[in-house]
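Heads up, the thing below is written out as structure tokens.
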Amino acid sequence: MIIGVPKEVKSHEYRVAVMPVGVELLVKAGHRVLVEAGAGVGSGYRDDEYAAAGAEVVAEAAEVWNAAEMVVKVKEPQPPEWGLMKPGQLLFTYFHFAASRELTTACLEAGITAVAYETLVVRGKLPLLTPMSEVAGRMAVLEGGKSLQKPQMGRGILLSGVPGVEPAKVTVLGGGIVGANAAKVAAGLGANVVIMDVSLDRLRELDAVMPANVRTIYSEPHAIRWHVTNSDLVIGAVLIPGGRTPTLIPRAMLKDMRDGAVIVDVGVDQGGCVETSRPTTHEDPTYVVDNVVHYCVSNMPGAVGRTSTQALCNATQTWVLKLAGSDLATVFETDAALGSALNIHDGKITHTEVAAAFEE
């Protein structure tokens, strides 16, 4: 198979979908790999490293897209890339279709087969979403703490406090991978942390492993309101695989929050759990609504490209090899994990949650 690795074009996206070692494994398996020049630079991988691993380094993105039977990316195709997609091409990347009708329509009209990292399920878990959720959860606290500083229009609060001064209160909505990592980092910095979830079993698991300054609270509307309005930093870490994130913080709740409080909505690429969330970039990451600072960067892990690329490729490499070596006419029916990752095929939406997001 001919596999293409284009350079990411999303704003301040420094990850790359395949490392040189991945190219080497694909070439050894008999595949041809085309890598766009500069694709790995943001993660610290040079073109000559890709060439030494057996890749063909090409100058233009169009060369990659035109020749490749399978394109492997990190982020969803951006508008300048929509016209490069072609019928029958397999695209393996993060899509987050539920948050964008325009992207979904573009992929349907292009006739591609869309296989999404974020919906691939193995034994009830999401192995290709997990590494980036770990990165995003940890970054959420660091970015939230920075946004609490007065120059960023925050409350002027130090997460840890100091002797004689109370630390910040941090509320984490969602006890999954993002939420657990956020809670651990916030607790490690000395904040008072509440983590909320709708699963009592999950709350029991978290209670058993979290430090003493983390409390677990069942997520229901009254509890959400009380903790959100009494917090300095709120981290949205809610996930419905493939589906749109439910709104837990309506616009009306913002006026009852502390002036200069910060919301970091990690799930903004799936629509976000805050009514006033909208995607931002690393270049312009925050905005203020009703005196509440919103940090809604939709590709947070992209800022730490080296770490994120290694973590992502460690998880995706096996599946790239499997897709490249499979009969694509049957693999989605015979391999349950890849079947769960199939979002669009033959001009139709094939994933239940994605389809539900666009039902009128």
- Query: What is the calculated FRET efficiency for Asp256 to Ala67, with r their C-beta to C-beta distance and R₀ = 56 Å, to the nearest 0.05?
  - Reply: 0.50
- Query: For the stretch 217-223, in order, what is each residue's ³J(HN,Hα) by Karplus, 6.51 cos²θ - 1.76 cosθ + 1.60 with θ = phi - 60°, in whole Hz (x at glycine and Pro)?
  - Reply: 10, 5, 8, 9, x, 5, 5
- Between beta-carbons, use under 12 Å as the cut-off and find the net charge around Leu206, counting Lys and Arg +1, Asp and Glu -1. 0
- Message: Over the stretch 223-277, what is the relative contact order in percent, taking alpha-carbon pairs closer than 8 angstrom and at least six residues apart?
- Response: 45 percent
- Query: Quick one: if you stick a label point 7 Å off each Cα along the C-beta vector at Asn230 and Thr105, how many nm between them?
  - Reply: 4.6 nm
- Message: Taking the solvent-accessible surface of protein heavy atoms with a 1.4 Å probe, what is the per residue accessible area of the stretch 22-170 in Å²?
- Response: 42 Å²
- Message: Just to be sure I understand: with springs between alpha-carbon atoms less than 10 Å apart, which residue in Pro246, Pro131, Pro211 has the highest mean-square fluctuation in the Gaussian network model of the chain?
- Response: Pro211
- What is the distance, in nm, between label points placed 7 Å from the Cα along the Cα-to-Cβ direction at Glu275 and at Val122? 4.1 nm
- Query: Given a Förster radius of 41 Å and the C-beta distance between Ala51 and Ala329 as r, what FRET efficiency does 1/(1 + (r/R0)^6) yield to the nearest 0.05?
  - Reply: 0.80
- Tell me, how many Å apart are the Cα centres for the stretch 332-360 and for the stretch 68-114? 14 Å
- Nonlocal amide H pairs with Val33, under 5 Å, H built at 1.01 Å: Ile3, Glu56
- Any idea what the alpha-carbon Rg over 2.2 N^0.38 Å comes to for the stretch 228-318? 1.19
- How long is the gain from Asp346 to Asp201 if the chain were fully straight, where each residue apart is worth 0.36 nm and the alpha carbon distance is subtracted? 48.2 nm
- From the square roots a ≥ b ≥ c of the eigenvalues of the alpha-carbon gyration tensor of the chain, which class results: rounded (a/c under 1.5), prolate (a/b over b/c), or oblate? prolate
- Message: Under 10 Å, Cα contacts only: if you run a Gaussian network model on the chain, which one of Arg225, Arg244, Arg138 comes out with the highest mean-square fluctuation?
- Response: Arg225
- Item | Placed amide H near Ile263: partners under 5 Å, 5+ positions off or other chain | Val234, Val293, His294, Tyr295
- Who wins for biggest fluctuation among Val185, Val320, Val165 in a Gaussian network model of the chain, springs between alpha carbons below 10 Å? Val165
- Task: Just add up the charged neighbours of Val5: K/R +1, D/E -1, any other residue whose Cβ is under 9 Å from the Cβ of Val5.
- Result: +1
- Message: Suppose every Lys and Arg Cβ carries +1 and every Asp and Glu Cβ carries -1, with no other charges. What dipole size does the stretch 46-178 come out with about its Cα centre, to the nearest 20 debye?
- Response: 900 debye
- Message: Given points 7 Å out from each Cα along the Cα-Cβ axis, report the Asn314 to Glu220 separation in nanometres with one decimal.
- Response: 4.0 nm
- Message: Show me, for the stretch 305-310, the HN-Hα J-couplings you get by feeding each phi into the Karplus relation (A = 6.51, B = -1.76, C = 1.60, θ = phi - 60°), rounded to Hz, glycine and proline as x.
- Response: x, 5, 4, 5, 4, 5
- How high is the relative contact order of the chain, given as a whole-number percent (alpha carbon pairs under 8 Å, six or more residues apart)? 19 percent
- Item | Surface share of carbon and sulfur [accessible, 1.4 angstrom probe, percent] for the stretch 240-300 | 46 percent
- Return a whole-number percent for the relative contact order of the stretch 113-208, with Cα pairs under 8 Å and 6 or more residues apart as the contact set. 22 percent
- Message: Quick check: from the Cα gyration tensor, does the stretch 1-130 come out rounded (a/c under 1.5), prolate or oblate?
- Response: prolate
- Task: Grab the Cα-Cα distance for Ala59 and Lys150, subtract it from 0.36 nm times how many residues apart they are, and report the gain in nm with one decimal.
- Result: 28.3 nm
- A correct Karplus calculation of ³J(HN,Hα) over the stretch 75-80, with 6.51 cos²θ - 1.76 cosθ + 1.60, θ = phi - 60°, whole Hz and x for Gly and Pro, returns 9, 4, x, 8, x, x
- Message: With unit charges on the beta carbons (Lys and Arg positive, Asp and Glu negative) and the dipole taken about the Cα centre of the stretch 224-360, which residue among Ala324, Ser231, Leu342 sits farthest to the positive side?
- Response: Ser231
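The values are calculated or read from the model by the stated rules, or taken from the named source; none is laboratory data. If you're wondering where the values come from, they're calculated on a predicted model, not measured in any experiment. Glycine also receives a Cβ, built like all others from the backbone with ideal geometry; neighbour counts cover every protein chain displayed. The area values use the complete protein model at the heavy-atom level, side chains included, leaving out ligands, DNA and RNA. Shrake-Rupley method; radii C 1.70, N 1.55, O 1.52, S 1.80 Å.
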